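Report on the structure given below.
The values are calculated or read from the model by the stated rules, or taken from the named source; none is laboratory data. Since we're looking at a predicted model, the values are computed, not measured. Glycine gets a Cβ as well: all are built from the backbone with ideal geometry, and neighbour counts include every protein chain shown.
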Amino acid sequence: MISEHLLCRLRELLAYGKGDNFYGWRCWRKLAAKVKRMDKHECQHCKAKGHYAPGEIVHHVRHLKDRPDLALSIWDPVTGERQLITLCKDCHAVEHPENLQYSQIRHEPLTEERWD
């Protein structure tokens, strides 16, 4: 559970568009390491599909900006479901398609130079 003091700080970061700073907090890094150990460093989405992929990212099932009160909770206290799971980079990208929009922008070449 997150303390009221930390929750206030997190909400302030989110309000200013700096929610990513949360991932540098010592309490988050420690909890993320625990979640990875719980999941045996395996991507939980790939595992559910019968595949193996190394888990690299701890993902908030209910996104941080939507539920900052669950930021440091492995389990959702209301539903009893997992709130933090380990994912591979590809599965995490699927969970956050809003982050892909910038990498998928194609620009026209600056010149018509060709190498025929």
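Flag: Gly24 does not match the condition of being out of contact with any strand residue (DSSP E or B) (no Cβ under 6 Å at 6 or more places or on another chain), at positive phi and not β-branched (Val, Ile, Thr). Candidates are the residues of region 70-84 that are free of Cβ contacts under 8 Å to residues at least 60 places away in the same chain and of a type in the set (S, T, N, Q); the one that is nearest to Gly17 (Cα to Cα) is Gln83. The set of residues in region 43-69 being within 30 Å of Cys8 (Cα to Cα) and either in contact with a Pro (Cβ under 7 Å, 6 or more places away or on another chain) or touching a residue at least 40 places away in the same chain (Cβ under 8 Å) (or both) consists of Leu64, Lys65, Pro68, Asp69.
The set of residues in region 33-50 that are crowded, with 17+ Cβ neighbours inside 10 Å and among the aliphatic types (A, V, I, L, M) contains only Val35. Take the conditions (1) touching a strand residue (DSSP E or B) at 6+ places or on another chain (Cβ under 9 Å); (2) not in a strand (DSSP E or B); Thr86 misses just one of them, which is (2). When the residues of region 10-26 are filtered to those that are in a loop (DSSP other than H, G, I, E, B) and of a type outside the set (Gly, Ala, Ser), the one that is farthest from His60 (Cα to Cα) is Tyr16. Right, Arg26: under 23 Å from Pro97 (Cα atoms) and among the basic types (Lys, Arg) or not? It is false that Arg26 is under 23 Å from Pro97 (Cα atoms) and among the basic types (Lys, Arg). Residues to consider are Lys47, Lys40; find the one that is at pLDDT 95 or above and outside any helix (DSSP H, G or I). Answer to the check: Lys40.
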